[in-house]
Amino acid sequence: MFQRILIANRGEIALRIIRACREMGIETVAVYSEADRGAHYLDLATEAYCIGPPPASDSYLLINNIISCAEIGNVQAIHPGYGFLAENAHFAEVCRSCNIEFIGPDHEAMAKLGDKVSARQIAIDAKVNVVPGSDGLVTDENEAVKLANKIGYPIIIKATAGGGGKGMRVARNDINLKSGLKSAALEAEKSFGNAGVYIEKYVENPRHVEVQLLADNHGKVLHLWERDCSLQRRHQKLVEESPAPNLPKAVREDMCKAAVRLAKTAGYTNAGTVEFIVDKDNKYYFIEVNARIQVEHPVSEMITGIDLIQEQIKIAAGEKLELKQRSIPCNGVAMELRINAEDPDNGFFASPGTITELRVPGGLGVRFDSHVHAGYTISPYYDSLIGKLIVHADTREEALARMRRAIDEFHVEGIKTTLPLAKKIFNNSMFISAEVDTTFIERTWC
Ligand code: ADP
């Protein structure tokens with residue numbers, strides 16, 4: 001097992017990884033930008049090094065600086081967390097060429113799955129349902145129009161290198177499609193340096209359901225059931241829960257098996273997530289793979305009792321997964337609420353600033369994963385996540401009641417947060433009866 005791990009990240013996920021390492025008796029090397037200097041979570045690491053000025057491009061994204069810290073800190077492995085370099089196949093390759101284990105998949109599997117067109121092809125090879133769409137990239141506008149008419153509108157244009165909803169357009173007719181292809185390609189070129197786009201049938205009002213996987217380096221791939229992440233704003237998740245409510249057992253089991261098949265076909269290792277959209281008839285379609293640990297991993301931990309970060313570390317160290325698929329439990333219901341420093345009454349604009357007062361909820365079945373405290377300043381340089389409030393209970397009804405109680409206990413002053421919206425969500429009758437889809441928040445409150 002590793003003696004020392006560097007954490008190439010910040011905030012709540014850096015703290016989450018430090019906690020997992022401390023329980024395993026592994027020392028940690030944290031890195032921080034000048035904006036994060038003095039953050040309390042850094043005190044829990046064995047060592048911490050400054051890697052540059054506040055902008056991520058001058059600090060958390062600088063591969064050379066991170067590798068230098070790994071060498072000075074004498075670590076055997078790097079955990080990238082999520083975001084920043086987590087899905088950068090070049091970084092994974094550099095780590096391994098420096099004899100440092102990258103806690104994530106092999107760089108080749110990551111590159112294949114990071115490109116959406118090639119991931120879609122792997123899904124087809126693995127006999128996993130994909131949304132009807134183009135074979136590969138769209139290169140000819142007239143061919144795209146022909147295909148769109150064959151599939152039927154609406155159509156979604158997606159960037160092959162896409163992420164965070166960028167380079168995505170919905171087209172409802174030929175004119176929309178032609179202009180959308182151009183603007184999506186331009187946005188993709190600007191955001192990812194890759195203008196490649198493809199088209200798919202746009203599934204109206206879908207649910208977003210994803211399957212958590214763990215795969216070791218010895219050919220074993222397991223699923224830890226699914227998460228429903230339909231509650232989104234601007235294609236970004238706000239609430240996640242497991243199991244997915246109202247999903248027929250047969251569909252759920254089939255989807256979990258499909259995700260395992262896809263990972264095996266891709267030669268995927270470590271933790272990862274296969275994302276699907278589910279239509280009104282409970283037909284599911286593959287959309288993408290997230291080749292990393294995800295923000296919402298705690299809901300899967302709560303229902304299975306498995307520490308995903310510790311499993312990631314053990315897999316990277318070459319250990320075999322001891323777990324057996326049959327014995328992975330699915331106990332009760334877990335829900336996660338992301339609390340962001342944003343103003344929900346003003347287009348979810350970021351609301352950075354100093355937290356002047358903070359009282360967080362507790363009690364049975366309540367978990368708060370966060371690096372913030374009273375006096376902490378939310379920086380404008382990074383994402384606006386303050387923390388993740390997670391509840392676990394025997395039934396969905398009890399989990400909802402527990403979350404409402406926890407939200408009521410939560411007291412934060414000094415910044416605007418998404419908590420007032422969270423209160424509305426958890427008291428909404430449609431959400432309570434699980435009749436929501438990915439457009440619910442925007443249709444209801446925006
Ligand atoms: P990104 O990597 O940019 O986040 P995804 O492929 O994960 O993009 O899609 C993000 C969201 O966009 C999904 O959760 C879903 O809400 C919506 N979406 C993606 N593909 C489709 C589709 N074919 N039909 C309808 N909605 C879609």
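The set of residues in the range 21-32 being assigned to a strand (DSSP E or B) and over 11 Å from residue 9 (Cβ atoms) consists of 27, 28, 29. Restricting attention to the range 406-435, the residues that are open to solvent by 20 Å² or more (accessible area, probe 1.4 Å) and more than 18 Å from residue 358 (Cα to Cα) total 8. Taking strands (runs of 3 or more DSSP E) as the structural unit, those lying wholly within the range 147-255 and holding at least 1 residues that are more than 30 Å from residue 318 (Cα to Cα) and hydroxyl-bearing (Ser, Thr, Tyr) correspond to 197-201, 221-233.
In the range 286-310, the residues that are within 19 Å of residue 18 (Cα to Cα) form Cβ pairs under 7 Å with partners that are aromatic (Phe, Trp, Tyr) and surrounded by fewer than 22 Cβ atoms within 10 Å (Cβ to Cβ), at six or more places apart or across chains, as follows: 292/82; 293/82; 294/82; 295/82. Selection of the range 132-147 for residues being within 13 Å of the ligand (Cβ to nearest atom) and open to solvent by less than 60 Å² (accessible area, probe 1.4 Å) yields 133, 134. Restrict the check to the range 63-83 and report whether at least one residue is at negative phi, of a type outside the set (Phe, Trp, Tyr), crowded, with 18+ Cβ neighbours inside 10 Å and within 16 Å of the ligand (Cβ to nearest atom). So far as the range 63-83 goes, no, none of its residues is at negative phi, of a type outside the set (Phe, Trp, Tyr), crowded, with 18+ Cβ neighbours inside 10 Å and within 16 Å of the ligand (Cβ to nearest atom).
Does the range 109-131 contain any residue that is charged (D, E, K, R), in contact with a His (Cβ under 6 Å, 6 or more places away or on another chain) and crowded, with 16+ Cβ neighbours inside 10 Å? No, every residue in the range 109-131 fails to be charged (D, E, K, R), in contact with a His (Cβ under 6 Å, 6 or more places away or on another chain) and crowded, with 16+ Cβ neighbours inside 10 Å.
Quick check on residue 303: is it in contact with a Cys (Cβ under 9 Å, 6 or more places away or on another chain), more than 16 Å from the ligand (Cβ to nearest atom) and of a type outside the set (Gly, Ala, Ser)? Yes. Identify, from the list 226, 210, the residue that is within 20 Å of residue 265 (Cβ to Cβ), near the ligand (Cβ under 10 Å from one of its atoms) and either over 21 Å from the mean Cα position of the chain (by Cα) or buried (at least 21 other Cβ atoms within 10 Å of the Cβ) (or both). After applying the criteria, what remains is 210. Scanning the range 151-191 for residues that are near the ligand (Cβ under 10 Å from one of its atoms), under 21 Å from the mean Cα position of the chain (by Cα) and either over 27 Å from residue 443 (Cβ atoms) or surrounded by 22 or more Cβ atoms within 10 Å (Cβ to Cβ) (or both) yields 158, 159, 161, 162, 167. Annotation: residue 311 fulfils all but one of (1) open to solvent by less than 50 Å² (accessible area, probe 1.4 Å); (2) touching a strand residue (DSSP E or B) at 6+ places or on another chain (Cβ under 6 Å); (3) farther than 30 Å from residue 96 by Cα; the unmet one is (3). When the range 265-279 is limited to residues that are in a loop (DSSP other than H, G, I, E, B) and over 12 Å from residue 214 (Cβ atoms), the one that is nearest to the ligand (Cβ to nearest atom) turns out to be 279. Considering only residues in the range 229-253 that are more than 22 Å from residue 397 (Cβ to Cβ) and free of Cβ contacts under 8 Å to residues at least 12 places away in the same chain, the one that is surrounded by the fewest Cβ atoms within 10 Å (Cβ to Cβ) turns out to be 250. With respect to the conditions (1) open to solvent by less than 30 Å² (accessible area, probe 1.4 Å); (2) in contact with an Asp or Glu (Cβ under 7 Å, 6 or more places away or on another chain), residue 306 lacks only one, and its number is (2).
Within the range 410-434, work out how many residues are over 30 Å from residue 379 (Cβ atoms) and either free of Cβ contacts under 8 Å to residues at least 60 places away in the same chain or not in a loop (DSSP other than H, G, I, E, B) (or both). First the steps, then the outcome.
The initial filter retains those residues of the range 410-434 that are over 30 Å from residue 379 (Cβ atoms), namely 427-434.
Keeping just the survivors that are either free of Cβ contacts under 8 Å to residues at least 60 places away in the same chain or not in a loop (DSSP other than H, G, I, E, B) (or both) gives 427-433.
Selection size over the range 410-434: 7.
Here is a yes/no grid of residues against (1) away from the ligand (no atom under 16 Å from the Cβ); (2) outside any helix (DSSP H, G or I):
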residue	(1), (2)
389	yes, yes
397	yes, no
437	no, yes
444	no, no
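Against the conditions (1) out of contact with any helix residue (DSSP H, G or I) (no Cβ under 6 Å at 6 or more places or on another chain); (2) assigned to a helix (DSSP H, G or I); (3) open to solvent by 10 Å² or more (accessible area, probe 1.4 Å), residue 93 satisfies every one except (1).
Checked against the criterion of being among the β-branched types (Val, Ile, Thr) and open to solvent by 20 Å² or more (accessible area, probe 1.4 Å), the range 335-344 has no qualifying residue. Screening the range 192-207 for residues that are surrounded by fewer than 16 Cβ atoms within 10 Å (Cβ to Cβ) and not polar (S, T, N, Q) and picking the one that is farthest from residue 114 (Cα to Cα) gives 204.
The values are calculated or read from the model by the stated rules, or taken from the named source; none is laboratory data. Source: prediction; values computed, not measured. Because the Cβ atoms are built from the backbone with ideal geometry, glycine has one as well, and the counts that use them run over all protein chains shown. Side chains are part of the model used for accessible areas, which takes the heavy atoms of the whole protein and leaves out ligands, DNA and RNA. Shrake-Rupley method; radii C 1.70, N 1.55, O 1.52, S 1.80 Å.
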